[in-house]
Amino acid sequence: MSQERWTAVDAYVQNLFMPDDPALERTLEESSAAGLPNIAVSPAQGKLLTLLAQSHGAKRILEIGTLGGYSTICLARALPGDGELVTLEYSPHHAEVAHANIVRAGLGDIVTIRTGPAQDILPELVSEDVEPFDLIFIDADKGNYPEYLGWSLMLSRPGTLIIADNVVRDGRIVDGDSSDVNIQGARRFNELLAADPRLDATIVQTVGSKGHDGFALAVVNMPTT
Ligand code: SAH
Ligand code: DHB
Ligand code: MG
């Protein structure tokens, strides 16, 4: 199977299930025009995030790594009118582009972007004693995924769904001696998911327009705080 085929199938899926999505299309155009890297989740992956949040009945979502707000919009769309999504972004430029995209998508009232390093903002959220989140999407710097998991658990309740992007990386995840900090971070993250008795987890490999990668999915099964 080739990248060309995977991309063609992703186009087929997009034509079938999300043929016309001006808000998401504009988000990609504005992100690209502003010089952001082209690394958002694919349309099919974004729709999966929407469906997971919707089927989970999520009312409060935390996202780590906003970029231009593509995945943010996919997740926030699943929320009821009184729902809330908090998204953390290191880059003020990315946050500014995302803010415009999120407002344009009509989601400005339920999405809050907090700008700064997630490793600083996550402890702030804990000390602010915010309500636990129903769904947490981890998609920032892969080297810090293990740390983000620890804070995510402190912001969870039994039933919280934790999703992490990019845990396969062209299959390089199986290279235990990789010198890539992103691979090592994702490997450690996956091992922590597997070892933690408070979590039930798996990894779903994905192929498509973004190549071969994967989502980790974990459900919190007992109190974490
Ligand atoms: N979730 C987005 C893609 C995120 S790309 C989507 O699918 O649409 C990863 C983002 O994480 C980038 O915008 C990057 O600036 C941000 N990031 C990197 N390191 C970070 C950190 N330490 N804290 C918060 N955000 C970080
Ligand atoms: C990269 C980051 C991502 O979140 C992603 O989905 C793909 C690539 C990256 O930093 O290269
Ligand atoms: Mg990603």
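Here, each number is a calculation from the coordinates, and none is a lab measurement. Just so it is clear, the model here is predicted, and its values are computed rather than measured. When we count neighbours, we look across all protein chains shown, and the Cβ atoms used for this are built from the backbone with ideal geometry, even at glycine.
Treating the beta-carbon of each Lys and Arg as +1 and of each Asp and Glu as -1, no other charges, what is the dipole magnitude of the range 108-188 about its Cα centre, to the nearest 20 debye? Please list the in-between numbers first.
Details: 7 positive and 15 negative charges, 60 e Å.
Approximately 280 debye in magnitude.
Compare E30, E89, E191 in a GNM of the chain, Cα atoms joined below 10 Å, and give the one with the largest fluctuation.
E191
Counting each pair of different Cα atoms once, what's the Kirkwood radius of the chain in Å, rounded to one decimal? Present the calculation step by step, with values, prior to reporting the outcome.
Details: mean 1/r = 0.0566 Å⁻¹.
Value: 17.7 Å, from the Cα pair sum.
What distance in nm separates the simple spin-label points at V126 and R26, each placed 7 Å from Cα in the Cβ direction?
Placing both labels 7 Å along Cα→Cβ, they lie 3.9 nm apart.
So, in Å, what gap is there between the alpha-carbon centers of the range 170-225 and the range 71-116?
Spelled out, the Cα-based centre of one part sits 25 Å from the other.
Please state the equivalent ellipsoid semi-axes for the range 47-118: what are the square roots of 5 times the Cα gyration tensor eigenvalues, largest first, in whole Å?
Each semi-axis is the square root of five times an eigenvalue, giving 19, 12, 10 Å.
Hey, can you grab everything whose amide H is under 5 Å from the amide H of I136? Only 5+ residues off in sequence or another chain; H modelled, so Pro and N-termini drop out.
L62, L161, I162, I163
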